[in-house]
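The values are calculated or read from the model by the stated rules, or taken from the named source; none is laboratory data. Predicted model, so just to flag it, every value in this text is computed and none were measured. Glycine also receives a Cβ, built like all others from the backbone with ideal geometry; neighbour counts cover every protein chain displayed. The accessibility values were calculated without ligands, DNA or RNA, using every heavy atom of the protein model including side chains. Shrake-Rupley method; radii C 1.70, N 1.55, O 1.52, S 1.80 Å.
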Amino acid sequence: MDAPMERLWQKTPLIRSSAMSAKTGCEVYLKIETFQTSGSFKGRGVSHFANNATKGYLESRGLLDTDTYVNGNSNSNSLLDTKELASRISSTDWNEWSIPCKTSHIPANKRPHLIIASGGNAGLSAASAARILGVNATIFLPAAQEGIKHLFLRHNTGIDGDARIEVNIGGENYFAALKAAEKFSDELGDRG
């Protein structure tokens, strides 16, 4: 029996807050995003970007597996065309957007490489997305976040074992980490 496909993000519950509803005089619901793989709402946006960037990278190099590319088919382990989904938004289960692409047919040295500077949650989200997509990622943190570096270690292996997640301290603050990420991207060039 096949294991269920891991999604880029999870469908999360809305919980009514009676205290906030009473205080505001209207119905208030809280979206519980801590259930996401990365523990943050940022996983939705970052993984959506990572999925689209992976699609663009694969298409530009003729590596997209068109046999498994099925728009909006939640039973397919393929990349989604989000423009097509946007046109069907009213009839589409929002969770379909979280279906990751399949990269196992691509040699590890030809897969995309995600690079991000982050203070924490966005980097965790990128590591989680990279692991699920089976692509490499390098995350640059400011020195003040070095203590959370161990959180990234749980995302250090891709689904097929080929993805590599690296975490580097990029400098004293976020802007230094961003500069380090940009420099790394320039050095990596067309290789990722």
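With respect to Leu63, is the statement that it is open to solvent by less than 50 Å² (accessible area, probe 1.4 Å), farther than 29 Å from Phe175 by Cβ, at pLDDT below 85 and touching a Cys at 6+ places or on another chain (Cβ under 9 Å) true? Spelling it out, it is not the case that Leu63 is open to solvent by less than 50 Å² (accessible area, probe 1.4 Å), farther than 29 Å from Phe175 by Cβ, at pLDDT below 85 and touching a Cys at 6+ places or on another chain (Cβ under 9 Å). Among the residues of region 21-52, those identified as without any contact (Cβ under 8 Å) to a residue 12 or more places away in the chain and more than 30 Å from Thr103 (Cβ to Cβ) are Ser21, Ala22, Lys23, Thr24, Gly25, Cys26, Glu27.
Output the residue which, of all residues in region 161-175 that are over 10 Å from Leu141 (Cβ atoms) and among the hydrophobic types (A, V, I, L, M, F, W, C), is surrounded by the fewest Cβ atoms within 10 Å (Cβ to Cβ).
Residues of region 161-175 over 10 Å from Leu141 (Cβ atoms): 161-166, 172-173, 175.
With among the hydrophobic types (A, V, I, L, M, F, W, C) added as a condition, the list becomes 163, 165, 175.
Values: Ala163: 24, Ile165: 23, Phe175: 12.
Top of the filtered list is Phe175.
When Thr34 is tested against (1) closer than 26 Å to Asn121 by Cα; (2) surrounded by 11 or more Cβ atoms within 10 Å (Cβ to Cβ); (3) modelled with pLDDT of 75 or more, exactly one condition is not met: (2).
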